Every structure is written in structure tokens, then in C-alpha cells.
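Some notes on the structure that comes next.
We did not get these values from a lab; they are worked out from the coordinates using the rules stated. None of these values were measured; they are calculated from a predicted model. Cβ atoms come from the backbone with ideal geometry, glycine included; neighbour counts cover every protein chain shown.
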Amino acid sequence: MRQCKPSPLLMRSLLGNRHLQHFLSALQAKIRDPDADDSPEQGGRDPPNIFWRVAAALMYIIPWIDVIALGREVYHHFPSSIILFLFPGPFVGIYYSSQFAPLVVFFLLFLSVVKNTKLHHFVRFNAMQGIMLDIVVMLFSIVRAYFPAEFRWSAILVTFDMFSWNISMGTIIYCVFWTLWGKYADVPYVSDSVYMQVEASE
């Protein structure tokens, strides 16, 4: 039995159709991996460009602002560290413009960035990690506020302030460095819960 072959002109016409080419590519991918998900991937996982890196690094401004209050003794003993105090300066006025501003910023970051699957996964991850680090900084501040009166002007409070500031600021700078480098900053006990929270948002 003689097979009927399509003419070369018809084949060129069909293969020139962009939609058909897309369909054939998807069909070939499906044949190679039948279990593959047909839905488009959300929240881009491709390597972040410089725009996404800077946007993700800015997510650490909030914990950076809150950690400033813990550094009084550090700035006194090490004046050169004042640059870390001045760096988030332009944002401090906005952040403390109202007593409700920190709460508004928190929900704004969580709902419009972390939960927004249209944004790059890199930005969403670092936004959530910035929120978690800010919670840690606030816990340090709460513990400090409940120190007994006899410890308020002692070496114990000075040691606590320097310890909490160094831990918090060191972690923030570590995260900013790797974020600008385009890598996910891995913070023990924090990054795992951050990753699960971001994944649960998708």
C-alpha cells in the first residue's frame, strides 16, 4: 500500500507556525518525562539577575533598622562601627513615622512579597528570611527590656548588648553579602523554616 506523504511546501508552512512548534516541543518533553507538570513554573527559579539581587538584599533593611537599638555600647567602644548605624538612615524615618508603621511594613512584606508567586523565588525567600531575623532581633530587645533594675547599668547588660548586636548584625551582613552574590544565604535553624514557609505559599 502506497503511503501518502505531505508536500514539502505544506510541511514548511506547518513547521513555520510558532504555536505548532511550541506544541511539538511540549509534546516531546512530555514523551521524555510523562510525569512532568504541564503548568508553568511560578516564582522563577532561574539564577537571579542584578535587579533581583539588589531587591532581595533590601529585604534585610528592616532587621538592620531594629538591631541599631542594641548597638549603643558597640558604637561607644568602636566608633568606626557607626557606619553600620548610618547605612539604613534614609529608611529609619519612614519605619518609625508611626507606631503602626512597623506592623504595616511587616504585613506588606509578607502579603505582597512572600505570598506573591509572580515575584522571583530569590526575593520571596530573602523577604521571609528578613522577617524571621527581625523577629529574632525583637526577641533580644524584649529580653533586654525585662532585665532586673540592678543589671541595667552593670557589665551584664553591656555584655548582653554586645553579644546580641554582634550575632544579629553579623547574620544580617552575611545574608546581604551572599544575596548580592546571587546565592541563598543559609542561616542555621532559620533558612529551613523560611524555605518551607515560602514553599507553602505557592
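If you place +1 on the Cβ of every Lys and Arg and -1 on the Cβ of every Asp and Glu, how big does the dipole about the Cα centre of region 93-202 come out, in debye to the nearest 20?
Working: 6 positive and 7 negative charges, 47 e Å.
Magnitude of the dipole: close to 220 debye.
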So, with points 7 Å from each Cα along the Cβ direction, the Y174-I83 label distance in nm works out to 2.1 nm
Need the C-alpha centroid separation for region 160-199 versus region 138-158, integer Å. 24 Å
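DSSP loop (so not H, G, I, E, B), at most 16 other Cβ within 10 Å: list which chymotrypsin sites (Phe, Trp or Tyr not before Pro) in region 120-202 pass both filters.
Y146, W153, W181, Y189
Arranged from highest to lowest average of other beta-carbon atoms within 10 Å per residue, in what order do the peptides 53-66, 78-91 appear?
Details: 53-66: 21.6, 78-91: 12.4.
Output ranking for 53-66, 78-91: 53-66, 78-91.
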Between L111 and L157, what is the label-to-label distance in nm when each label sits 7 Å out along the Cα-to-Cβ direction? 3.8 nm
